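Following: one structure in structure tokens, then a few remarks.
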Amino acid sequence: HSFVLTVNISPSVAQGEVITNTAWVAADVYDDDLTNNVAEAAVSVNRLTDLTITKDGVGATATAGETYTYEFRVSNNGDSDASGVVVTDTLPVSMSFASTAGDSCVPIPDNKVRCTIGDLDAQDFQDFSITVNVSATVAHGASVTNTVVVQGNENEPPIDNNSATEVTTVMRESE
């Protein structure tokens with residue numbers, strides 16, 4: 001007889017870890033060849049995550065010379081936990097990093113902000129926000145484009161949802 005055994009592997013098992021399943025068979029009668037009573041199957045774990053990111057500006061428009069806040073949601077829609085999750089927000093030249101709640105986001109060269117999330121469990125999400133300074137010289141009615149990208153350490157076949165772009169209209173108070 002043969003049968004199929006299906007198991008669930010914990011979403012936190014490390015990438016590449018080898019899991020070995022050993023099966024034994026025994027009978028109530030004498031068996032003169034015990035060498036064929038044991039079988040093993042080894043499987044290497046291939047972690048799959050599905051990181052996604054959304055980005056929204058708080059308010060319909062930004063005001064030149066003031067601060068403006070962007071809200072983010074990073075989700076792991078995959079079956080495995082994600083590790084080394086990092087968000088990189090490329091700010092437009094007319095904006096600069098002002099602040100964030102907590103210490104997970106820091107400015108880096110080329111007018112970017114890096115937010116370190118670290119580990120993100122399967123089917124979980126994390127919300128955060130950053131506040132930027134809007135240049136006082138931005139033209140009234142100008143549109144500024146801000147793009148953010150999320151990355152992790154694991155295999156992730158669908159990468160088309162790893163970035164988000166927000167277009168924000170900037171107004172001037174005096175106009």
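The values are calculated or read from the model by the stated rules, or taken from the named source; none is laboratory data. This structure is a prediction, so every number in the text was calculated from the model and none was measured. Here the Cβ is made from the backbone with ideal geometry for all residues, glycine too, and neighbour counts use every protein chain on show. Accessible surface areas use protein heavy atoms only, side chains included; no ligands, DNA or RNA. Shrake-Rupley method; radii C 1.70, N 1.55, O 1.52, S 1.80 Å.
Determine whether the range 1-14 contains at least one residue that is open to solvent by less than 90 Å² (accessible area, probe 1.4 Å), part of a loop (DSSP other than H, G, I, E, B) and modelled with pLDDT of 90 or more.
Start the filter on the range 1-14 by keeping residues that are open to solvent by less than 90 Å² (accessible area, probe 1.4 Å), which leaves 9-14.
If we keep only those that are part of a loop (DSSP other than H, G, I, E, B) as well, we get 9-14.
Those still in the list that are modelled with pLDDT of 90 or more too: none.
Looking for residues that are open to solvent by less than 90 Å² (accessible area, probe 1.4 Å), part of a loop (DSSP other than H, G, I, E, B) and modelled with pLDDT of 90 or more, one finds none in the range 1-14, hence no.
Any residue in the range 150-175 that's of a type in the set (Gly, Ala, Ser): show its pairings with residues that are part of a strand (DSSP E or B) and open to solvent by less than 40 Å² (accessible area, probe 1.4 Å) at Cβ separation under 6 Å, as long as the two are six or more apart or on different chains.
Gly152/Leu51; Gly152/Ala82; Gly152/Gly84; Gly152/Val85; Ala164/Ile53; Ala164/Lys55; Ala164/Val148
For every residue, the table says whether it meets (1) modelled with pLDDT of 95 or more; (2) touching a Pro at 6+ places or on another chain (Cβ under 7 Å); (3) of a type in the set (Ser, Thr, Tyr); (4) closer than 12 Å to Thr90 by Cα.
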{"residue": "Asp124", "(1), (2), (3), (4)": "yes, no, no, no"}
{"residue": "Val132", "(1), (2), (3), (4)": "yes, no, no, yes"}
{"residue": "Val150", "(1), (2), (3), (4)": "yes, no, no, yes"}
{"residue": "Pro157", "(1), (2), (3), (4)": "no, no, no, no"}
{"residue": "Asp160", "(1), (2), (3), (4)": "no, no, no, no"}
{"residue": "Ala164", "(1), (2), (3), (4)": "yes, no, no, yes"}
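Please work out if Ser143 is among the small types (Gly, Ala, Ser), within 17 Å of Arg47 (Cβ to Cβ) and modelled with pLDDT of 95 or more.
Working: among the small types (Gly, Ala, Ser): yes; within 17 Å of Arg47 (Cβ to Cβ): no; modelled with pLDDT of 95 or more: yes.
Criteria not met by Ser143.
Confirm whether Arg114 is over 30 Å from Val144 (Cβ atoms) and of a type in the set (Lys, Arg).
Numbers: over 30 Å from Val144 (Cβ atoms): no; of a type in the set (Lys, Arg): yes.
No, not satisfied.
Looking for something open to solvent by less than 70 Å² (accessible area, probe 1.4 Å), under 27 Å from Ser163 (Cα atoms) and either out of contact with any strand residue (DSSP E or B) (no Cβ under 7 Å at 6 or more places or on another chain) or free of Cβ contacts under 8 Å to residues at least 60 places away in the same chain (or both) - is there at least one such residue anywhere in the range 64-74?
Residues of the range 64-74 open to solvent by less than 70 Å² (accessible area, probe 1.4 Å): 64-65, 68-70, 72, 74.
Narrowing the set further to residues that are under 27 Å from Ser163 (Cα atoms) leaves 64, 68-70, 72, 74.
When the remaining residues are screened for being either out of contact with any strand residue (DSSP E or B) (no Cβ under 7 Å at 6 or more places or on another chain) or free of Cβ contacts under 8 Å to residues at least 60 places away in the same chain (or both), the result is none.
Within the range 64-74, none of the residues are open to solvent by less than 70 Å² (accessible area, probe 1.4 Å), under 27 Å from Ser163 (Cα atoms) and either out of contact with any strand residue (DSSP E or B) (no Cβ under 7 Å at 6 or more places or on another chain) or free of Cβ contacts under 8 Å to residues at least 60 places away in the same chain (or both).
When you scan the range 111-118, do you find a residue that is small (Gly, Ala, Ser) and open to solvent by 70 Å² or more (accessible area, probe 1.4 Å), even just one? Break it down stepwise before answering.
To start, the set of residues in the range 111-118 that are small (Gly, Ala, Ser) comprises 118.
Add one more test, that the residue is open to solvent by 70 Å² or more (accessible area, probe 1.4 Å), and what stays is none.
No - not one qualifying residue is present in the range 111-118.
Take the residues of the range 18-49 that are closer than 16 Å to Ala82 by Cβ and part of a loop (DSSP other than H, G, I, E, B): which is modelled with the highest pLDDT? Full working, then the answer.
Initial filter on the range 18-49 (closer than 16 Å to Ala82 by Cβ): 45-49.
Among the residues that remain, those that are also part of a loop (DSSP other than H, G, I, E, B) are: 45-47, 49.
Details: Val45: 86, Asn46: 81, Arg47: 80, Thr49: 92.
Checked the range 18-49; the qualifying residue modelled with the highest pLDDT is Thr49.
Of everything in the range 17-62, what is in contact (Cβ under 8 Å) with a residue 24 or more places away in the chain and open to solvent by less than 40 Å² (accessible area, probe 1.4 Å)? Give them in sequence order.
Step one: filter the range 17-62 for residues in contact (Cβ under 8 Å) with a residue 24 or more places away in the chain, giving 17-19, 42-58, 60-62.
Once the filter is applied, which keeps residues that are in contact (Cβ under 8 Å) with a residue 24 or more places away in the chain and open to solvent by less than 40 Å² (accessible area, probe 1.4 Å), the range 17-62 yields Val45, Arg47, Thr49, Asp50, Leu51, Thr52, Ile53, Lys55, Gly57, Ala62.
Can you tell me which residues in the range 75-96 are among the charged types (D, E, K, R) and either open to solvent by 30 Å² or more (accessible area, probe 1.4 Å) or more than 12 Å from the chain's Cα centre (by Cα) (or both)?
Pass one, the range 75-96, residues among the charged types (D, E, K, R): 79, 81, 89.
Within the range 75-96, Asp79, Asp89 meet the criteria.
Kindly provide the set of residues from the range 156-165 that are within 28 Å of Ala62 (Cβ to Cβ), among the charged types (D, E, K, R) and open to solvent by less than 40 Å² (accessible area, probe 1.4 Å), ordered by number.
None; the set is empty.
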